[in-house]
1. Straight-line reach from LYS222: which aspartates and glutamates have Cα under 15 Å away, leaving out those fewer than 8 places along the same chain?
2. Taking the highest mean first, how do the peptides 89-100, 188-199 order by number of other beta carbon atoms within 10 angstrom per residue?
3. Treat the count of other C-beta atoms within 10 Å as a stand-in for reagent exposure and order LYS58, LYS37 from fewest to most.
4. How large is log10 of I(q)/I(0) for the stretch 117-201 at q = 0.11 Å⁻¹ when the intensity is taken from the Debye formula with one equal scatterer per alpha-carbon?
5. Quick one: if the Förster radius is 35 Å, what FRET efficiency do GLU135 and LEU81 give, using the C-beta to C-beta distance and rounding to 0.05?
6. Which value, in debye to the nearest 20, describes the size of the charge dipole of the chain about its Cα centre when Lys and Arg Cβ atoms bear +1, Asp and Glu Cβ atoms bear -1, and nothing else is charged?
7. Note down the net charge around SER9, summing +1 for each Lys or Arg and -1 for each Asp or Glu among other residues with Cβ under 14 Å from its Cβ.
8. Any lysines with Cα under 30 Å of the LYS103 Cα? List them, leaving off those in the same chain fewer than 8 positions away.
Amino acid sequence: MAGLEDLWSRFSLTEEEEGGAEVVHQEPVVMHQLAGKFFTKRTLNVDVVARTFKPLWKLAGELKIRDIGESIPLFEFEDVLDLERVLEYEPWSFDKSLVVFKKAADVESIPFLEFDHVTFRVQIHNVPEKSLNHETGETIGRKIGSVLQVADTEDDGAGREFLRVRVAVDITKPLPRCYKLWAEGKHIGWVGIRYERLPNFCYWCGRVSHGERDCEVWLRGKGRLKREDQQYGEWMRAE
């Protein structure tokens with residue numbers, strides 16, 4: 001092309017050629033990005049992923065999905081509010097297995113992201129009636145993870161039967177199942193923890209990052225363990 005430009009510069013241009021054409025520079029579209037870690041054994045197909053999530057998310061803007069390997073597609077949102085809504089309504093699942101989303105500045109930053117926390121809406125059951133308040137939700141919520149919001153017991157539809165807390169949970173650890181309640185050094189009862197929209201998780205070790213058949217507890221004790229030995233179960237799912 002440089003050789004042609006040298007040739008053209010030696011031409012005697014006509015008036016029309018000299019006038020040329022005015023071009024319009026378009027501002028690049030800013031895309032807001034999430035990297036998604038899929039904890040499924042199934043080989044990912046970005047077209048299937050798109051068909052699964054687009055109807056659920058009801059996006060206002062365009063969405064592009066790129067497969068960058070290691071079961072981590074990159075989701076590019078035209079509208080930043082679409083991205084924020086995805087994070088607001090965690091957890092998400094694919095093939096009944098957990099998907100963990102993290103904001104990504106660019107593709108190069110993705111290998112350095114830690115997909116170790118997911119936001120859950122958690123129900124705290126069996127709380128004494130006189131303790132059904134924001135302070136109790138905050139206190140127990142901090143035991144579960146980082147508290148993002150404690151729902152008002154009058155407004156969220158719980159009917160003052162349980163507390164509802166939105167928390168960021170460390171998924172490298174077992175999901176908390178229950179806690180003892182104490183008052184002035186005395187044990188006064190128990191509360192049970194249930195998780196809304198809980199995907200598949202391991203009933204042997206309580207982690208959401210793998211299933212029962214991939215658990216070290218199961219593999220090491222295979223042949224000796226029985227179902228009744230499981231310390232976690234379906235009862236941890238909230239309705």
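1. GLU212, ASP214
2. Values: 89-100: 18.6, 188-199: 16.4.
So the order, starting with the most tightly packed, is 89-100, 188-199.
3. On the way: LYS58 8, LYS37 20.
By the 10 Å Cβ count, ascending, the order reads LYS58, LYS37.
4. Taking Cα atoms of the stretch 117-201 as identical point scatterers yields -0.27.
5. On the way: r = 32 Å, r/R0 = 0.93.
That gives a FRET efficiency of 0.60.
6. Values: 34 positive and 42 negative charges, 534 e Å.
Here the size comes out at about 2560 debye.
7. Details: positive: ARG10; negative: GLU5, ASP6, GLU17, GLU18.
So the surrounding residues net to -3.
8. In chain and number order, the partners are LYS37, LYS41, LYS54, LYS58, LYS64, LYS143, LYS173.
Values quoted throughout were computed directly from the atomic coordinates according to the rules given, and no laboratory measurement underlies them. Small disclaimer: the values here were computed from a predicted structure and weren't measured. Cβ: placed from backbone, ideal geometry, glycine included. Neighbour counts: every protein chain shown.
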